[in-house]
Every structure is written in C-alpha cells, then in structure tokens.
Amino acid sequence: MKTFLIFSLFGILVFFSSCKNSTSDLDHALSTISVDELVNQSKILGSDAFMGRKPCTEGETITINYLESEYKRIGLEPAVNGSYFQEVPLMEILNTPDKKLKIEGNGKVFDFDLLTEFAAFSMRAQEDIKLDKSDIVFVGYGIIAPEYNWNDYEGLDVKGKTVVVLVNDPGFGTENEAFFKGNSMTYYGRWTYKYEEAARQGAEACFIIHDTKPAGYGWGVVSNGNEAPRLFLADENKYADRCAIQGWLSQDAAKVLFNQAGLSTDLWKSAAEPDFKAVPMHLKASMEMKNSWRFDTSHNVLGVLRGTVRPEEVIVYSAHWDHFGIGRKVDGDSIYNGAVDNGTSLAWMLEIAEAFQSLEKKPERSVLFLATTAEESGLLGASYYVQHPVFGIEKTVANINNDLMLPYGRMKDVMITGYGQSELDNYVAKVAQKYDRYLFPDPNPHTGMYFRADHFAFAKAGVPALFARGNCDSREHGKAWALEKEADYLANNYHKVTDEYEEWWDLNGVADDAKLLFEVGYLLSNESSFPKWAEQSEFKDLR
Ligand SMILES: [Zn+2]
C-alpha cells in the first residue's frame, strides 16, 4: 500500500514536472523577447546607413546582407537551396501618357487634362500604346461576384472598348453585412481587381471614377504616381494580356463625361442595385502613351526553423524590408528611412525567430521567416513568393504578417485588419485573453487595408493570413490618445523622410505584439489541423 502510494506520488510529480517543463520552455522563449533588442534593431534598420532600403539599389545589398547575418546569428537555416535569398525578377516601367484624353461622340468633342482630371497607367511593356476612338461603356462597379449573384458584365462584349467603373463595391454605405460585406470593402472593391476583371473581359482601357471616401485615399495619391517609374514582377508576356490603359477619372471629370453623354449621375447610385445593367455612353476615347522599361532583380530573404514532426507543413511570418530609398530632399533630408515602415516589424519578426530558436522542444511544424521585397510597389516580393513557394501552398498553415507597428507603447487592443476572415482570429483571441488584451476589428474596413499589405498575397493564394497588432487603445493614455498619435504619424511621418527612429520611442507595445503573435504561431506549429477561412470569406475556395 505504502509502496503503491509512493509510486503514485512519484507519478504525479513526474506528471507535474513535465507540465511545468513545457510551460517553462514557452515562458523561457517568451522571456527572450526584449524591448532593448527591438530598439536596437529598429535603430539599425532605420538608420541612414541603410539608405532607405530601396529594391535594386546599394540600400538593398546592405539590408539583405544584414538580414542574412541576423538569420545566421539566430540560427535559422537558409530556406532556398542552401541560400537565404530568393531572386525576385522585376520590371520597372515608365509611362509617359498624352497630356489629354480626347472624348468625342454625340456630336461633341472635348478633352480631359492629365493629372488634374485623369491619370493613365499601363503595365504593358510596349513602346507605343494607342487608344483609338474606343467605345466607352459604363459598367457600374465592374464586378463579377458569383457568391453575391452579381455580374456587371453580363451579356456584354467589351473587347477593344473602354470601360468606366465606380470605386469600391455595391455594399459601400450600406449596413447590410450579407451584401458585399456592407461597409467593409471586399476585394471586388479594390482598383487592382477592377483592372484585372476588365482585362479578363478583353477591355482595351479601364477608367475608375475616383471618390475619396470609398477609395480610402485622395485624388493626389492617384495622380502623384503618374510621372514616376513603377515596379512590377517581370512577366514573360510583358503584360500583353492586361488593359492597354489603366486609368482614373476625377469626380469632376466623370460628371462632365456623364453630362456630355446625356446620362444622369444617378446611375452611380443605381449601379448598386441588383437589377443594374451596363450603359453604352455613345462616346469614344482616344489617347496615346509612350513607355520605356528595364528588368532588374531584387530579393526576398528567407530563414527557416525545420519542424521536428511535420517539417513539410509551415507557418510563415513575414515583414517587408523595402522602403523608398533616397528621394526628394525635404528640410535637408533625402533619406526615406522607413523606421516604422517597416523597421519595427522586421525587429518584431527577428525577435519572434529568436524566441522559436530558444525553445528546448522545437516546433513540430516548420516556421519560415520571410522578409519580402517591393511591398511598397504592390506586394511584389510576397506575390512572387506565393507563386514560387519554398513550402507547398497547400501545406502552408498560416501567414502572420506585420507592417507599420507604431512606437507608442503598450496597447490593450489587438487590432485585426480583416477581422472575421478566418479562424486565425480565434487563436489571437485565446492568447490575447492571457495578456489581458481584447480583439478590435479594424475601425476603417471600408478603406480596404486588408488588401494593402503583404498578408494579402497569401490570402489571394488561399492561405489564411493574419495582420494584427496593438494600435487603438493605449494602456496608459486610452483610446483618444492612441488614435491621435496614429493620425499624427500618418500625417507627418508616413512615407516621408521623417519616418526615423526617435529617442522617445516606446517599443513595449511591439514587444507585447511579438509575445502574443509568437504564441499564436507556437500553438499553430504544434497542431496538426489547418485553420479555416470563414464561410463568407471571398478567399475560402482558393487554395
Ligand atoms: Zn509597410
């Protein structure tokens, strides 16, 4: 009896100590995440020595070599055939459009001015592009969405024609969550989708009618880019299958266009009704564009911790390394440091890598750390990765990305951009509770932020993707203060030379986010199930 009792006690002790081991293993890993190291990394990555981290420049070489040395120091394995670098072939194209977009028809001839009334781009690597008296058709939102029983192109042949479409989707301004997700923008609302769909339909040109609120950005953002070279992934067909012209019309220009066509702008409202039918405008558009381009190569930087049980399954952490490099001088400074965009997130990712590496019992699944290039040019590095993944996309469990992690201290909220898209939210909720934090859906879902950072490249490939961080509710100063700070950053530092490391920075919030999202990945890395997309997600059938 006594012997039995002793053995039982021994068993219980062994049981408890093994529990304690896995907890202390996790706790130890969490304790390696340090504010000092985050500060140190952000200072280095945001310093002038990195020259603004622009792809295909000396700044790239310095940045990717630094990341490689950090991966080595941490003990990550090279993930691409013995190398930490994945080559990303890029094409840089400079569009020089005509200063005028000519419109004729209905017995009228008039034109619009470049930059103030229209903007025109092309992805086609073709020296001369001619839009010649192309018939204009108003196709509402320009959307084909079978899950909402919606087809703006139904019964329409737009080959060689110019389509004019509205920005955002028919759900905008409604509270009806079941109709294009109400006020939250679906992917159908993004300009990238509109151009993709117009090209699939064979349209020669596509102009989107700009409107600040549903677009989420002002006319300046649209027109500013029209005189600078732009980067795309290199394409074998030189994007011959894309529309010749991808453009925008200002609100005022669009009103003039409708007026001259003898059409009421009430059509913009009826375009959101299910019985809306496309309307030929009986006007023709003409313009020319000259293009020049060159090819270059940039690099994603990948390090991996191999899984011990299911190494072919992977959790991908990501943060873009690129920013805008050296540009126009403002107050004597010409280096776009990108300390917040995206230095703090790179620091966040490196701290998480270190935490995983410090685990005594290594994860069952592989964990990949992916520093992407050319995010600022349209998620190019991340898109290239999902087209050329190192681990199978069907074996990619989740993507956990971060971007723009602000230096304003500890936050109570965990803001999820694209809240409700997948079961990953549940993992965040579970861990957030432990840290006395709460989930907070992105307060501006109509701006389509879910489609404007690298995690979206994964979502588009069908991989559940998470973009989450503390942002809106300061532990010390409350909500109003946090939102004021964010607004201040966006107005004064975002994409400016002043996005630099400052001595007053408080990265305790980034440390909290590193702990929280390390733990989310830790849970995923030791499971065998795959988190699913939500039923109403537009990405659920893609993988
Ligand atoms: Zn960014």
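When the residues of region 372-396 are filtered to those that are small (Gly, Ala, Ser) and either part of a helix (DSSP H, G or I) or not assigned by TED's automatic domain parsing to the domain that holds Val316 (or both), which remaining residue is surrounded by the fewest Cβ atoms within 10 Å (Cβ to Cβ)?
Among those that are small (Gly, Ala, Ser) and either part of a helix (DSSP H, G or I) or not assigned by TED's automatic domain parsing to the domain that holds Val316 (or both), it is Ser383.
Going residue by residue through region 420-443, is there one that turns out to be within 16 Å of the ligand (Cβ to nearest atom), touching a residue at least 40 places away in the same chain (Cβ under 8 Å) and either among the small types (Gly, Ala, Ser) or in the same structural domain as Gly338 (by TED's automatic domain parsing) (or both)?
Checked against the condition, which is being within 16 Å of the ligand (Cβ to nearest atom), touching a residue at least 40 places away in the same chain (Cβ under 8 Å) and either among the small types (Gly, Ala, Ser) or in the same structural domain as Gly338 (by TED's automatic domain parsing) (or both), region 420-443 yields no hits at all.
Which numbered condition in (1) assigned to a loop (DSSP other than H, G, I, E, B); (2) open to solvent by less than 10 Å² (accessible area, probe 1.4 Å); (3) in contact with a strand residue (DSSP E or B) (Cβ under 7 Å, 6 or more places away or on another chain) is the only one that Phe369 fails?
All conditions pass for Phe369, except number (1).
Give, as residue ranges, the strands (runs of 3 or more DSSP E) completely inside region 238-353 that count at least 3 residues that are out of contact with any Ser or Thr (no Cβ under 8 Å at 6 or more places or on another chain) and at pLDDT 95 or above.
279-305
Every residue in region 319-369 that is within 16 Å of the ligand (Cβ to nearest atom), under 25 Å from Leu90 (Cβ atoms) and of a type in the set (A, V, I, L, M, F, W, C), please.
If the condition is that a residue be within 16 Å of the ligand (Cβ to nearest atom), under 25 Å from Leu90 (Cβ atoms) and of a type in the set (A, V, I, L, M, F, W, C), then Ala319, Trp321, Phe324, Ala339, Val340, Leu346, Met349 are the ones that fit.
Looking at (1) open to solvent by 70 Å² or more (accessible area, probe 1.4 Å); (2) among the basic types (Lys, Arg); (3) not in a strand (DSSP E or B), find the lone condition where Lys133 falls short.
Here Lys133 clears every test but (3).
Quick check: anything in region 411-429 within 19 Å of Asn342 (Cβ to Cβ) and part of a loop (DSSP other than H, G, I, E, B)?
Yes; the residues of region 411-429 include at least one that is within 19 Å of Asn342 (Cβ to Cβ) and part of a loop (DSSP other than H, G, I, E, B).
Please state which one of Ala491, Ala480, Ala457 is open to solvent by 40 Å² or more (accessible area, probe 1.4 Å), assigned to a helix (DSSP H, G or I), within 28 Å of Ile326 (Cβ to Cβ) and among the hydrophobic types (A, V, I, L, M, F, W, C).
None of the other options fit; the residue is Ala491.
On the given criteria, is Thr396 among the hydroxyl-bearing types (Ser, Thr, Tyr) and within 16 Å of the ligand (Cβ to nearest atom)?
Answer is no for this residue.
Residues checked against (1) at pLDDT below 55; (2) surrounded by fewer than 12 Cβ atoms within 10 Å (Cβ to Cβ); (3) in contact with a Gly (Cβ under 9 Å, 6 or more places away or on another chain):
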position	(1), (2), (3)
Lys20	yes, yes, no
Ser24	no, no, no
Asp27	no, yes, no
Asn40	no, no, no
Met51	no, no, yes
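The values are calculated or read from the model by the stated rules, or taken from the named source; none is laboratory data. What you are looking at is a predicted structure, and each value in this text was computed from that prediction instead of being measured. Because the Cβ atoms are built from the backbone with ideal geometry, glycine has one as well, and the counts that use them run over all protein chains shown. Each accessible area value is taken on the protein alone, full model and side chains, heavy atoms only, with ligands, DNA and RNA left out. Shrake-Rupley method; radii C 1.70, N 1.55, O 1.52, S 1.80 Å.
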